[in-house]
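Right, one structure below, let's go through it.
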Amino acid sequence: METATIIQHFQTMLQIVAIVAVPPLLVAMISGLLIAILQAATQIQDQTLPLTVKLITVGLTLTIFGFTLTRPLIEHSRRIFEDFAYLTR
């Protein structure tokens with residue numbers, strides 16, 4: 001088992017996690033900003049409104065783009081399982 005191979009797999013996994021996390025975070029940030037502007041303009045002080053809207057928009061984002069976002073994760077997991085015998089030698 002080579003340490004360099006394990007570190008390379010770990011770095012790749014961190015990159016994949018960053019790529020998968022960015023779209024839902026951006027959608028949550030944009031929807032939160034829009035709701036905050038709407039609440040400031042109308043002086044609505046409801047605290048559950050931004051949370052509900054963020055939850056719905058992130059859920060829709062993951063539903064629509066879920067397969068596309070998880071494809072690199074599945075491919076990397078498959079690669080790790082294929083190299084498992086080599087990694088544990």
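Just so it is clear, none of the values below were taken in a lab; they were calculated from the coordinates. Treat the numbers as computed from the prediction; the structure is a model and nothing was measured. For neighbour counting, all protein chains shown are included, and Cβ atoms are generated from backbone atoms with ideal geometry for every residue, glycine included.
Listing for the model above:
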| quantity | calculated |
| --- | --- |
| Ellipticity estimate at 222 nm from DSSP helix runs (n ≥ 4, -39,500 (n - 2.57)) divided over the chain, nearest 500 | -31500 deg cm²/dmol |
| Ordering of 14-21, 78-85 by packing [mean C-beta count within 10 Å, highest first] | 14-21, 78-85 |
| Relative exposure of THR61, THR88, judged by other C-beta atoms within 10 Å (fewest first) | THR88, THR61 |
| Label-zone membership for the range 1-27, site THR88, 7 angstrom Cα→C-beta point, backbone N under 15 Å | 1-2 |
| Relative packing of 46-57, 2-13, which averages over residues the other C-beta atoms within 10 Å, highest first | 46-57, 2-13 |
| Relative contact order of the range 3-87, pairs being alpha-carbon contacts under 8 Å that are 6 or more residues apart, as % | 43 percent |
| PHE81 paired with PHE10, simple spin-label distance in nm, labels 7 Å along Cα-to-beta-carbon | 2.4 nm |
| Rg to Rh, two decimals, where the chain supplies the alpha carbon set and Rh follows Kirkwood | 1.24 |
